[in-house]
Amino acid sequence: AALPNDSSLLYRARLEQAYGRLLVRRPGTRRAGIDWLRTAQERYAAMGARPFLETCSKELSARGMHVDSQPADPLSGLTDREREVVTLISRGFPYRSAAKELYVSVKTIEYHIGNAYAKLGISNRTDLVKKLAAAEGTRSGG
C-alpha cells in the first residue's frame, strides 16, 4: 500500500478542521466539533504545519479550550517499538543492522518503519531526519 503524501494529510486535516468548525456552530454538536478540531490540530502538529496549527489552536481557544503552546513531539503518536526503530533508522542504521540491534527480522523493521512514516506523514529516511532535527531545534529553543 502506498504511504500518504504530505499534501493528502494536509487536505485531510483541513477537512477535519472545516467539519469541526461547522459542528461547533450547530446546536447539540459542539463537543463533536471540538473533537474534530483537536484531531486536525494533532495532525497539523505531527506534520509541522505551523500556520494551520495556529489557526486551529485559535479556534479551539475561542471555544474556551486549553491549547498547549508547545509544539507536539513528532514521535508522540508512535508505539514504543516504532520509536526504537525510527531512532535507529534516523541515526543511519541500515534495516539489517537495526534488525540485529533489536533482535527482530528485517521484515519487522520494514513493518514498523512503514507505520511510523505513515503516522508522521513522511515517506523516506531524509524526511525522517529533517522532521526529527526540526523537532529537536524547537525543543532546544533554536
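Only the coordinates and a few stated rules stand behind these numbers; no lab work does. Small disclaimer: the values here were computed from a predicted structure and weren't measured. Please note: Cβ atoms are built from the backbone with ideal geometry, for glycine as well, and neighbour counts cover all protein chains shown.
Points worth noting:
- FRET efficiency estimate (nearest 0.05) - Cβ-Cβ, Arg38 to Glu101, R0 30 angstrom: 0.25
- Calculated FRET value between Lys58 and Arg81, using beta carbons and R₀ = 41 Å, to 0.05: 0.70
- Counting 0.36 nm for each residue step from Glu110 to Ala18 and taking away their Cα separation leaves a gain of 29.7 nm.
- Cβ crowding within 10 Å averaged over residues, with 11-19, 103-111 ranked highest first: 11-19, 103-111
- The structure shown yields semi-axes √(5λ) of the Cα gyration tensor in Å, and of the options (1) 25, 16, 15; (2) 31, 18, 14; (3) 33, 16, 12 that calculated value carries the label (3).
- C-alpha long axis of helix 50-62 to longest principal axis of the chain, angle in °: 40
- For region 6-62: span of alpha carbons on each principal axis (Å, largest first): 33, 21, 12
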